[in-house]
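Everything below concerns the one structure shown next.
The values are calculated or read from the model by the stated rules, or taken from the named source; none is laboratory data. Remember, predicted model here, so these are calculated numbers, not experimental data. Virtual Cβ from ideal backbone geometry, glycine too; neighbours counted across all protein chains shown.
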Amino acid sequence: MSLPPLTLYLAAPRGFCAGVDRAIRIVEMALQKWGAPVYVRHEIVHNKYVVDDLRAKGAVFVEELDDCPNDRPVIFSAHGVPKAVPAEAARREMIAVDATCPLVTKVHNEAARHFSNGLQMVMIGHEGHPETVGTMGQLPPGEVLLVETVEDVPGLQVRDPAKLAMITQTTLSVDDTKDIAAALQARFPAIVIPAKDDICYATTNRQAAVKAIAPKIDALLVIGAPNSSNSKRLVEVGSASGCAYSQLVQRAADIDWRALSGITSVGITAGASAPEVLINEVIDAFRARFETTVELVETAVENVEFKVPKVLRETA
Ligand code: SF4
């Protein structure tokens, strides 16, 4: 029986970013250096496949430092942690390795600089996301106010409208963030806005690639975890760019084939924490059901790489 024809547009860039790649290398190198178990506070990156793989190698994932013994190394996830966490690890004389993405650390530093200049911050981010918690936790309570939507802006209670700065989570929707920043500027004309928002290159590039393929496709599948902020934003960008069916799947087994019956084109991308092996699994699943032609749609070339902390390089 012949299979129905399908063009599969594969977004590039997609999948792992430099921050995720570095965080995974940090756990692997820590296991090599200190042996198992190595404790990791929070999922090192938001992907079950990655976490399960590292768990099998001897990493133990916990939510709080209280769940770690003093005599084993602990690694802080790529999303960053409030300042109190490394301080507590130091007090307990633990070996602590920080896998916070350097682009998240850059926002932490920016927040500290604004604070020392006497500015209160408005952070655009998602409440409860570990990156938001980590960034807000760099400063004393009340110094960073959170807004999630344009609708949150009118209700903001600030200390002094003349002394404000804006920072953002790194994995937001580029377009939504522009709208929220514009609403903040309209209400607080003196607010210091970074020349370029804090959304990272990987988030920006993956969203641009989805915008490029959206007009060509009947359906978009984003490979990523339900708790991955940048993956969820890719689904939204797909819908906002006119793709009627835009869905998040963790892997091939999650694909709703009935919903895809009759399609002749599909777009595939992956969030920054989804490994290429899951992307290949999804492509293979399409090949098993359709006469599939794969077309790469490349909108940017990435060559960013981050070094692991010195303590791990010394023995590598
Ligand atoms: S998505 Fe961006 S901020 Fe997050 S780890 Fe990757 S490069 Fe860093």
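Suppose we filter 54, 3 for residues that are modelled with pLDDT of 95 or more and assigned to a helix (DSSP H, G or I); which single one remains?
Sole residue among the options that is modelled with pLDDT of 95 or more and assigned to a helix (DSSP H, G or I): 54.
Take the conditions over 17 Å from residue 134 (Cβ atoms), part of a helix (DSSP H, G or I) and within 13 Å of the ligand (Cβ to nearest atom) and apply them to residue 14. Does it pass?
Judged against the criteria, residue 14 is not a match.
Of the residues that make up the range 60-77, is at least one assigned to a loop (DSSP other than H, G, I, E, B), on the phi > 0 side of the Ramachandran plot and outside the structural domain of residue 108 (by the TED database)?
No, there is no match, as no residue in the range 60-77 is assigned to a loop (DSSP other than H, G, I, E, B), on the phi > 0 side of the Ramachandran plot and outside the structural domain of residue 108 (by the TED database).
Which of the residues belonging to the range 18-37 are within 19 Å of residue 278 (Cβ to Cβ), hydrophobic (A, V, I, L, M, F, W, C) and away from the ligand (no atom under 16 Å from the Cβ)?
Matches in the range 18-37: none.
For the range 262-269, state whether one or more residues are touching a residue at least 24 places away in the same chain (Cβ under 8 Å), touching a strand residue (DSSP E or B) at 6+ places or on another chain (Cβ under 7 Å), among the small types (Gly, Ala, Ser) and closer than 30 Å to residue 96 by Cβ.
no
Starting from residues that are touching a residue at least 60 places away in the same chain (Cβ under 8 Å) and more than 15 Å from the chain's Cα centre (by Cα), keep the ones in the range 107-131 and report whichever is surrounded by the most Cβ atoms within 10 Å (Cβ to Cβ).
The residue in question is 122.
Take the range 188-222 and flag every residue that is under 22 Å from residue 104 (Cα atoms), crowded, with 18+ Cβ neighbours inside 10 Å and not polar (S, T, N, Q).
Once the filter is applied, which keeps residues that are under 22 Å from residue 104 (Cα atoms), crowded, with 18+ Cβ neighbours inside 10 Å and not polar (S, T, N, Q), the range 188-222 yields 191, 197, 198, 199, 200, 202, 206.
Pairs, please: C-beta under 9 Å, at least 6 apart or cross-chain, first residue without any contact (Cβ under 8 Å) to a residue 24 or more places away in the chain and in the range 288-311, second of a type outside the set (Gly, Ala, Ser)?
Going by the 9 Å Cβ cut-off, the qualifying pairs are 288/3.
Could you tell me whether residue 162 is buried (at least 23 other Cβ atoms within 10 Å of the Cβ), among the small types (Gly, Ala, Ser) and at pLDDT 95 or above?
So residue 162 fails the test.
Might you let me know whether the range 167-174 holds any residue that is among the hydrophobic types (A, V, I, L, M, F, W, C), more than 20 Å from the chain's Cα centre (by Cα) and buried (at least 20 other Cβ atoms within 10 Å of the Cβ)?
So far as the range 167-174 goes, no, none of its residues is among the hydrophobic types (A, V, I, L, M, F, W, C), more than 20 Å from the chain's Cα centre (by Cα) and buried (at least 20 other Cβ atoms within 10 Å of the Cβ).
Can you tell which of 289, 258 is over 30 Å from residue 105 (Cβ atoms), assigned by the TED database to the domain that holds residue 217, loosely packed, with under 11 Cβ neighbours inside 10 Å and not aromatic (Phe, Trp, Tyr)?
Only one candidate passes the filter, namely 258.
For the range 241-289, how many residues are of a type in the set (Phe, Trp, Tyr) and touching a Gly at 6+ places or on another chain (Cβ under 6 Å)?
0
Looking at the range 17-49 only, could you name the residues that are under 30 Å from residue 261 (Cβ atoms) and part of a loop (DSSP other than H, G, I, E, B)?
If the condition is that a residue be under 30 Å from residue 261 (Cβ atoms) and part of a loop (DSSP other than H, G, I, E, B), then 47 is the only one that fits.
Could you look through the range 101-127, keep only residues that are in a loop (DSSP other than H, G, I, E, B) and more than 9 Å from the ligand (Cβ to nearest atom), and pick out the one that is nearest to residue 192 (Cα to Cα)?
119
Kindly evaluate residue 40 against the criterion of being buried (at least 23 other Cβ atoms within 10 Å of the Cβ), within 16 Å of the ligand (Cβ to nearest atom) and not acidic (Asp, Glu).
Yes, satisfied.
Please give the number of the condition residue 302 fails out of (1) within 16 Å of the ligand (Cβ to nearest atom); (2) closer than 26 Å to residue 35 by Cα; (3) surrounded by 12 or more Cβ atoms within 10 Å (Cβ to Cβ).
Only one criterion in (1) within 16 Å of the ligand (Cβ to nearest atom); (2) closer than 26 Å to residue 35 by Cα; (3) surrounded by 12 or more Cβ atoms within 10 Å (Cβ to Cβ) is unmet by residue 302, namely (2).
Take the range 78-87 and flag every residue that is crowded, with 16+ Cβ neighbours inside 10 Å and either part of a helix (DSSP H, G or I) or within 16 Å of the ligand (Cβ to nearest atom) (or both).
78, 79, 80, 81, 85, 86
Among the numbered criteria (1) closer than 20 Å to residue 152 by Cα; (2) surrounded by 15 or more Cβ atoms within 10 Å (Cβ to Cβ); (3) of a type outside the set (Gly, Ala, Ser), which single criterion is violated by residue 185?
(2)
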